[in-house]
Structures are given as structure tokens and as C-alpha cells.
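The values are calculated or read from the model by the stated rules, or taken from the named source; none is laboratory data. Predicted model, so just to flag it, every value in this text is computed and none were measured. Heads up, the Cβs are rebuilt from the backbone with ideal geometry, glycines too, and the neighbour counts pull from every protein chain shown. Each accessible area value is taken on the protein alone, full model and side chains, heavy atoms only, with ligands, DNA and RNA left out. Shrake-Rupley method; radii C 1.70, N 1.55, O 1.52, S 1.80 Å.
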Protein chains: 2
Amino acid sequence: MKYGIVAFPSKKLQDLANTYRKRYDPHYAKITPHMTLKDSFEASEDEIQTLVKQLDELAAKYAPLAIHASRISSFFPTTNAIFFRIEPTEQLAAFQRELQEQIPHGEMKHVFVPHITIAQKLSDSEHDDIFGQLRMTGVDEKDTIDRIHLLYQLEDGSWTTYETFRLSGAE
Amino acid sequence: MKYGIVAFPSKKLQDLANTYRKRYDPHYAKITPHMTLKDSFEASEDEIQTLVKQLDELAAKYAPLAIHASRISSFFPTTNAIFFRIEPTEQLAAFQRELQEQIPHGEMKHVFVPHITIAQKLSDSEHDDIFGQLRMTGVDEKDTIDRIHLLYQLEDGSWTTYETFRLSGAE
């Protein structure tokens with residue numbers, strides 16, 4: 001089964017992201033707005049039981065993640081995805097590094113750039129138009145993420161939450 | 001904020017439900033296939049913190065729920081919703097009753113009929129056509145639900161998981 005690990009920001013920030021995703025993101029209906037912490041990976045039922053224990057430990061170690069969506073950026077020319085950029089912090093980097101080390105399933109596809117996608121799979125000209133507009137609009141939202149979610153993917157591409165982990169530590 | 005409490009069945013049963021929902025359920029993109037345990041209700045942040053503790057206790061008391069989707073039924077003429085009927089069991093009834101007693105937010109809109117919706121908001125003639133077909137196809141799937149989910153609703157009508165509760169008791 002295919003799994004992924006994400007953080008859902010506050011309802012306020014999700015609602016804001018959805019105003020764009022509704023129009024510009026074909027994955028809009030497959031999952032609510034999120035920050036990916038670990039790209040999708042294949043794992044068996046047994047492996048997931050081990051992984052759940054590791055996530056329990058990790059979540060017990062880290063404090064809620066302070067995030068700041070500070071501007072609208074694009075991954076162009078790597079991909080045409082447009083996103084809320086989340087300011088990198090020591091805490092976020094340490095958390096994601098430890099997650100990656102402890103859970104080696106799947107490869108890291110990219111360097112970790114914390115973000116919430118708001119548009120993707122655009123043609124080059126659509127991308128240029130839309131990014132030009134959105135960059136001017138910008139975003140400036142601070143938020144606290146006090147839990148992470150382990151998800152699995154259904155055959156139609158949509159994602160269901162398998163389990164949540166409250167960040168209850170001090171780091 | 002608007003909350004709801006559901007159980008997501010296994011991926012296999014969700015995939016099966018989605019083969020119908022994709023065509024016949026306008027809520028298809030708002031939430032993955034589920035059995036509603038408590039209809040949506042309004043609650044404040046503070047109330048939710050209390051509710052989470054109550055759900056922790058309830059989940060620690062009950063064993064995983066054995067369910068059997070045994071046939072395809074319809075709520076007609078109350079509504080035109082078509083669903084996988086889940087066989088009523090003592091365990092399921094007791095769990096749902098206790099959930100309702102402990103968490104009095106919102107009213108129970110109907111008698112509890114455990115089900116997984118696969119079609120809704122149909123016209124009367126669509127309902128008759130589709131129900132006629134699906135009733136013949138039927139369903140016969142047993143499953144074990146070992147966790148429940150507290151969800152909240154975004155402005156666009158889609159649902160995000162707030163927290164999961166593992167059923168780890170004996171009842």
C-alpha cells in the first residue's frame with residue numbers, strides 16, 4: 001500500500017489554500033491542503049506497524065511546529081507547481097531529517113523545501129500567468145502544527161488518514 | 001467549527017465503495033468512503049479538547065469493531081441515498097449509543113442505521129434505475145475497524161482528519 005506523511009495546517013490556512021487549489025490544482029479533490037513531510041512510499045502492513053511505533057516516539061520528542069507561510073513561490077523550471085512557501089526553521093529541518101533517517105522507506109525525491117502546494121500540472125503559459133498574479137497577492141500567515149498524519153492512498157488517488165500523532169515533546 | 005466522527009473501513013472496502021461513489025455521489029471528492037458514527041455538529045476549540053479526552057476513554061474501552069457489509073439498501077423514501085448496509089451488532093449499537101451519550105453535541109438526526117453511502121442526491125428516477133441495478137450486484141464484505149476518526153469540515157465542504165483514536169479495549 002502507498003503511504004505518505006503530512007501536516008495539515010489550521011482550517012484558516014487550508015481554506016485560503018483551497019481558494020486557489022479549487023481552480024489551479026487537479027489534486028484538489030484527492031487530499032485537503034497539506035505540507036508534505038515525507039513523499040509517498042510503499043510499505044507492507046508489518047512495516048507500517050513498526051513505522052507507527054517510530055512515529056509515536058518522534059512525535060513524543062518534538063514540540064508543535066511553528067510555521068510561517070510567507071510568500072507564494074514556484075518550483076519552475078523543475079515543475080510548474082506554485083506553493084505557499086513555509087519559512088525554513090531549525091525545528092522543521094531537524095524534524096524532517098529525523099523522520100527521513102528513522103523511516104528510510106522510499107527515497108527523498110527532492111531537497112526538503114517546506115511548502116503547501118496551491119497549483120500544479122499547469123501548462124507553461126498558464127503557470128506564467130497564474131504565478132504572475134499570485135506572486136503579487138502573496139501570503140503572510142503564521143500557524144502552529146500540533147500533530148502529523150500518516151495517510152494511505154486509495155486506488156482512485158485520494159488519501160485517507162491512517163493515524164494521527166500529536167507533537168507533545170519539547171524540541 | 002463543524003466536526004463529525006466516522007470510521008473508515010479497509011482500503012479494499014473503500015475502493016469498492018468508490019467505484020460507485022465516483023459516478024453516483026456528489027460528495028465523492030469531499031471525503032473518502034466511511035461509516036458515520038456521529039452526524040456533523042458544531043463545537044468550539046475548548047469543547048473539542050474535552051471531547052478528545054472522552055473519545056480517548058471510549059476508544060480505550062472498546063475492541064475493534066467487526067463489521068459486515070451484507071447488502072445494498074436505500075433510505076428511500078426518506079432520502080434517495082443508496083448504501084452498503086452494515087449488519088447491526090450489539091457491539092456497534094453499544095459503541096454508538098455510548099458515543100451519543102458522552103458527546104451530546106448536535107442532535108441525532110436519525111435512528112442509527114450503520115451504513116456506507118455509495119450514492120446520494122439522485123433524482124427519483126435515477127434512484128430507481130441505479131438502485132435496481134446495484135441491489136442485484138450486492139455486496140458481501142467483512143472487515144475490522146480498529147480506529148475511529150474525528151474530522152472537521154473546511155469551507156468548501158471537504159473534511160480533514162483532526163485526530164484518530166485506536167480501539168484498544170475489550171468490549
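Between the Cα long axis of helix A:124-137 and the first principal axis of chain A there is an angle of about 80°, rounded to the nearest 10. Using heavy atoms of the protein chains and a probe of 1.4 Å, the accessible area assigned to A:Phe41 is about 10 Å².
When a/c is below 1.5 the answer is rounded, else prolate if a/b is larger than b/c, else oblate, so apply that to region A:108-171 with a ≥ b ≥ c taken from the square roots of the Cα gyration tensor eigenvalues. Here region A:108-171 falls in the oblate category.
Take every residue in peptide A:159-168, count the Cβ atoms of other chains within 10 Å of its Cβ, and give the average of those counts. Each step should come with its number before you reach the end.
Working: counts 2, 10, 11, 6, 7, 8, 2, 2, 0, 0.
Per residue, the number of nearby Cβ atoms from other chains is 5 on average.
Global dimensions of chain A from alpha-carbon coordinates: Rg and Dmax equal 15.9, 48 Å. Working note: 222 nm ellipticity from helices only, DSSP H runs with n ≥ 4, each -39,500 (n - 2.57), summed and divided by the residues of chain B, gives -11000 deg cm²/dmol to the nearest 500.
Based on alpha-carbon atoms, the Kirkwood radius and the radius of gyration of the protein assembly as shown give Rg/Rh equal to 0.97.
To the nearest 10 degrees, how steeply does helix A:45-61 sit against the main Cα axis of chain A, on a 0 to 90 scale? Tilt relative to chain A: about 80 degrees. Roughly how tilted is helix A:11-24, in degrees to the nearest 10 and between 0 and 90, from the longest Cα axis of chain A? Rounded to the nearest ten degrees, it is 50.
Close Lys pairs in region A:2-166, defined as Cα atoms under 21 Å apart and 8 or more places apart or on different chains, number 21.
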